[in-house]
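Data block below; observations after.
The values are calculated or read from the model by the stated rules, or taken from the named source; none is laboratory data. Everything numeric here is computed off the predicted structure, so don't read it as measured data. Cβ placement follows ideal geometry from the backbone for every residue including glycine, while neighbour counts extend to all protein chains displayed.
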Amino acid sequence: MKIWLLRHAQSRTQTGEETGWDPALSDLGLKQAEHLSSYWNGQEFDKILISPLQRARMTYLLSEANGKHVQLDSRLVECTWGLNYKDILPYEAPDIAEPDLHDAWLVPSVE
């Protein structure tokens, strides 16, 4: 069994172009994500889990990764950046994958 872990491409927060908890990809990040398709060589993955954050969704879409089962998973969001979950809900993810079944957004933050 092989497990691939992939972090999102460069975001606009990393370049200082944007602030906030869900930034878009930078111009370089868009190129990085598109370049990923050359690594897959037509491989089909058994399962792809995607963080629902914009930078992760865009990295997935631009990478052209092919999976038998693709699902959004809010457990992959690294932290709340100090935001209360009520500040980011309701969250509507695009129809690029099966819906998130875990509702990690609804878990209260530890303070």
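Within region 51-62, if we keep just the residues that are touching a strand residue (DSSP E or B) at 6+ places or on another chain (Cβ under 6 Å) and among the aliphatic types (A, V, I, L, M), the residue that is surrounded by the fewest Cβ atoms within 10 Å (Cβ to Cβ) turns out to be M58. So is L53 modelled with pLDDT of 85 or more and either among the basic types (K, R) or more than 11 Å from the chain's Cα centre (by Cα) (or both) or not? Judged against the criteria, L53 is not a match. Among helices (runs of 4 or more DSSP H) entirely within region 24-77, having at least 3 residues that are farther than 15 Å from L5 by Cα singles out 27-35, 54-63. Taken over region 47-78, the criterion of being touching a His at 6+ places or on another chain (Cβ under 7 Å) and of a type outside the set (A, V, I, L, M, F, W, C) is satisfied by K47, R55, T59, D73, S74, R75. The set of residues in region 1-50 that are farther than 17 Å from E64 by Cβ, of a type in the set (G, A, S) and loosely packed, with under 15 Cβ neighbours inside 10 Å comprises G16, G20.
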